[in-house]
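The values are calculated or read from the model by the stated rules, or taken from the named source; none is laboratory data. Note that the structure is predicted; figures quoted are calculated from it, not measured. Note that we place each Cβ from the backbone using ideal geometry, even for glycine, and neighbour counts take in every protein chain shown.
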Amino acid sequence: MSKAVLFTHSHSVWASVPELAIRELGYGPNDIESMVINLAQGENFAPTFLDINPQGTLPTMVVDGRPYTSTAEVTSYLVKHAPKATQPRTAFTEKIHEDTLDPNFAMLLARSDTELEHKAAAFTLHFTRNRQDALEQYAPQSNAAQHKPFYDSKLANNGALLSIYQGTATDRDKQAFFQRSTVHWHNLSKFVSEELPALLPDTAFFGGDEPGEDDFHLAAWLARIAFVAGGGSEQDGVRALEKGLGIKLHPKVSAYWGAWNARKSWKEVYAQGLH
């Protein structure tokens, strides 16, 4: 495998997928170069990064000049070229990446005025404002012209979200956002309580006794949902999921969480807490 450059960020849910994979698959500390793209400052909207990944998303990886621009592409490349073999992904990976289960919207949503006020006073307003500032900074630059459709779309969509958190949106738009958020939270709760137990294998992981490719995706997704539900560390993830989602976790899901908690890779990726 040629030296790869992985564009990543420590608080990105999907960038955590290859971070877990790298640690589980036997890569050495110098096998892959990491380049940090600060999502909280909107660095992923820079024209130079969009030249690599026109979607402006993480993770992104470049090997011998070829970009891999989705979580699935990046992780599959790492699995294929890893020193250690593992079970390749199945249709489950596509499932966990469906829009109805989007873990990024899970962090940004609000279902009521109370939740909106709480999040506006915390990270969400700051994050959304920083993104808008970055978009407004980068969009007029001469080297951004080819990405105009991207900037136009992002400025409109992020601007609408920012207006909700700043309190300048119409009541109609705010109520529509609450409704969308409520539906999304219901989707997450139903998946964790009903669908996931039926999908999980009888073994510790999809990969058997050790994580496979599907597991890297699910682990990062589950960590984000636990974080949004109120979990600050891996130890209280189960309690957070139950309280935040309003469910009783199936024993298979609790066991799956515990199996990941025990692994060195998990402890390293989530050393500063869930995200």
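Within region 254-272, if we keep just the residues that are in contact with a helix residue (DSSP H, G or I) (Cβ under 6 Å, 6 or more places away or on another chain) and surrounded by 18 or more Cβ atoms within 10 Å (Cβ to Cβ), the residue that is farthest from residue 25 (Cα to Cα) turns out to be 257.
Being at pLDDT 95 or above, more than 27 Å from residue 131 (Cβ to Cβ) and crowded, with 22+ Cβ neighbours inside 10 Å is a property that holds for residue 78.
Condition check ((1) in the same structural domain as residue 148 (by TED's automatic domain parsing); (2) closer than 29 Å to residue 231 by Cα) across all residues:
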{"residue": "20", "(1), (2)": "no, yes"}
{"residue": "24", "(1), (2)": "no, yes"}
{"residue": "48", "(1), (2)": "no, no"}
{"residue": "59", "(1), (2)": "no, yes"}
{"residue": "62", "(1), (2)": "no, no"}
{"residue": "70", "(1), (2)": "no, yes"}
{"residue": "75", "(1), (2)": "no, yes"}
{"residue": "115", "(1), (2)": "yes, yes"}
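Across region 238-256, the qualifying residues are those that are part of a helix (DSSP H, G or I) and not aliphatic (A, V, I, L, M), and the one among them that is modelled with the lowest pLDDT is 239. Of all the listed residues (181, 142), the sole one being polar (S, T, N, Q) and in contact (Cβ under 8 Å) with a residue 60 or more places away in the chain is 181. Determine if region 139-155 includes at least one residue that is charged (D, E, K, R) and in contact with a Leu (Cβ under 7 Å, 6 or more places away or on another chain). The answer is yes; a qualifying residue exists. For region 1-31, taking the residues that are in a strand (DSSP E or B) and of a type in the set (A, V, I, L, M, F, W, C), the one that is farthest from residue 42 (Cα to Cα) is identified as 4. If you check residue 55 against the conditions, is it in the same structural domain as residue 211 (by TED's automatic domain parsing), of a type outside the set (D, E, K, R) and not in a strand (DSSP E or B)? Judged against the criteria, residue 55 is not a match.
Suppose the filter is touching a Pro at 6+ places or on another chain (Cβ under 6 Å), surrounded by 14 or more Cβ atoms within 10 Å (Cβ to Cβ) and either outside the structural domain of residue 75 (by TED's automatic domain parsing) or not β-branched (Val, Ile, Thr) (or both); does residue 185 pass it? In short, no. Scanning region 257-274 for residues being free of Cβ contacts under 8 Å to residues at least 24 places away in the same chain and outside any helix (DSSP H, G or I) gives a total of 2. Where helices (runs of 4 or more DSSP H) fall wholly inside region 124-201, the ranges with 2 or more residues that are among the aromatic types (Phe, Trp, Tyr), at pLDDT 95 or above and within 16 Å of residue 113 (Cα to Cα) are 171-190. Give me the residue from region 100-123 that is part of a helix (DSSP H, G or I) and among the charged types (D, E, K, R) and, out of that set, surrounded by the most Cβ atoms within 10 Å (Cβ to Cβ). Only one residue tops the list, namely 119. Say whether the condition of being polar (S, T, N, Q), in a loop (DSSP other than H, G, I, E, B) and surrounded by 21 or more Cβ atoms within 10 Å (Cβ to Cβ) is met by at least one residue in region 65-72. Checked region 65-72: no residue is polar (S, T, N, Q), in a loop (DSSP other than H, G, I, E, B) and surrounded by 21 or more Cβ atoms within 10 Å (Cβ to Cβ).
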